[in-house]
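Step one of this worksheet: look at the structure below.
The values are calculated or read from the model by the stated rules, or taken from the named source; none is laboratory data. Values in this document were obtained by computation on a predicted structure and should not be read as measured data. Reconstructed Cβ throughout: ideal geometry from the backbone, glycine too, with neighbour counts over all protein chains shown.
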Amino acid sequence: MAKVISLIERVADELIDQRYTRWTKANHLHNLNDAIAVILMSRPDLGRETKSQTVKKGQSRVDLPDDAYRLLNVNHANGYGLQFVDLYRLNQNYPLWRTMIDAQPTNWTRNDNDSLSFYLFPVPEQDVDIEYDYSRQIIIKVDSDPFPLPPIYEALVFDFMLFRAYSKDGRSEAEAAKATYHLNNFQNALAGKTNTDNAETQRIHSTERRI
């Protein structure tokens with residue numbers, strides 16, 4: 001697995017600044033983290049983590065871990081596959097749903113304005129073991145860390161880092177042109193990869209056997 005330092009050195013070579021005179025390693029590391037953050041905004045699944053925990057009886061709200069960026073899916077409670085139900089529909093059909101108790105939750109819901117928590121329904125009358133997926137925030141602190149995304153995304157991060165580096169001298173017409181070139185490369189590649197992956201997901205879903 002490639003190390004972050006390898007990508008930083010590659011950027012430094014492209015900038016002809018191998019001694020990190022104009023752009024320090026800290027600058028490059030900051031730009032790399034910004035690139036990862038932008039990618040995760042479009043592809044939160046790339047930071048996917050699966051979490052198992054116990055929800056105490058009488059508890060319906062579940063808060064995500066401190067490193068979470070957003071919830072991706074709630075998988076099961078005690079092995080029972082949970083179905084998503086829209087919160088507004090739940091409020092309309094079962095206004096007292098927060099007080100409805102059952103041995104086995106069958107659904108989960110969330111507030112559209114809150115991506116860091118969700119609710120079980122009905123409220124469990126006993127402790128239940130749940131599993132859910134969430135997108136983790138990724139922050140690289142040292143350049144000896146491994147590159148945290150699939151290798152195919154190294155090229156995108158490379159272009160973003162060069163965009164940021166050249167933007168430092170944006171008053172120079174030549175440097176501004178280089179910055180724009182690498183930004184366009186990054187945006188086009190990210191959009192293309194995202195669209196391709198979405199199309200493949202839809203293709204797989206279209207082959208689903210109805211049961």
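Just one of the listed residues (ASP67, ASP34) is among the acidic types (Asp, Glu), surrounded by 13 or more Cβ atoms within 10 Å (Cβ to Cβ) and not assigned by TED's automatic domain parsing to the domain that holds PRO146, and it is ASP67.
Count of the stretch 116-141 residues, restricted to those that are polar (S, T, N, Q) and over 27 Å from LEU29 (Cβ atoms), is 2. Candidates ASP17, ASP63, ASP13: the one that is free of Cβ contacts under 8 Å to residues at least 60 places away in the same chain and within 14 Å of ILE130 (Cα to Cα) is ASP63. Among the residues of the stretch 38-60, those that are touching a residue at least 60 places away in the same chain (Cβ under 8 Å) and exposed (fewer than 14 other Cβ atoms within 10 Å of the Cβ) comprise SER42, ASP45, ARG48, THR50, SER52, GLN53, THR54, LYS56, LYS57, GLY58.
For the stretch 54-70, a tally of residues being in contact with a Pro (Cβ under 9 Å, 6 or more places away or on another chain) and in a strand (DSSP E or B) returns 3. Does the stretch 117-139 contain any residue that is of a type in the set (Ser, Thr, Tyr), exposed (fewer than 15 other Cβ atoms within 10 Å of the Cβ) and touching a residue at least 24 places away in the same chain (Cβ under 8 Å)? Yes, because at least one residue in the stretch 117-139 is of a type in the set (Ser, Thr, Tyr), exposed (fewer than 15 other Cβ atoms within 10 Å of the Cβ) and touching a residue at least 24 places away in the same chain (Cβ under 8 Å).
Just one of the listed residues (PHE147, PHE121, PHE163) is hydrophobic (A, V, I, L, M, F, W, C) and more than 25 Å from ASN33 (Cα to Cα), and it is PHE121. Restricting ILE211, ILE204 to residues that are out of contact with any helix residue (DSSP H, G or I) (no Cβ under 6 Å at 6 or more places or on another chain), in a loop (DSSP other than H, G, I, E, B), at pLDDT below 90 and of a type in the set (A, V, I, L, M, F, W, C) narrows the list to ILE211.
Selection of the stretch 6-31 for residues being assigned to a helix (DSSP H, G or I) and buried (at least 18 other Cβ atoms within 10 Å of the Cβ) yields LEU7, ILE8, VAL11, ALA12, HIS28, LEU29, ASN31.
PHE84 meets each of the listed conditions (1) out of contact with any Ser or Thr (no Cβ under 8 Å at 6 or more places or on another chain); (2) of a type in the set (A, V, I, L, M, F, W, C); (3) exposed (fewer than 15 other Cβ atoms within 10 Å of the Cβ) apart from (1).
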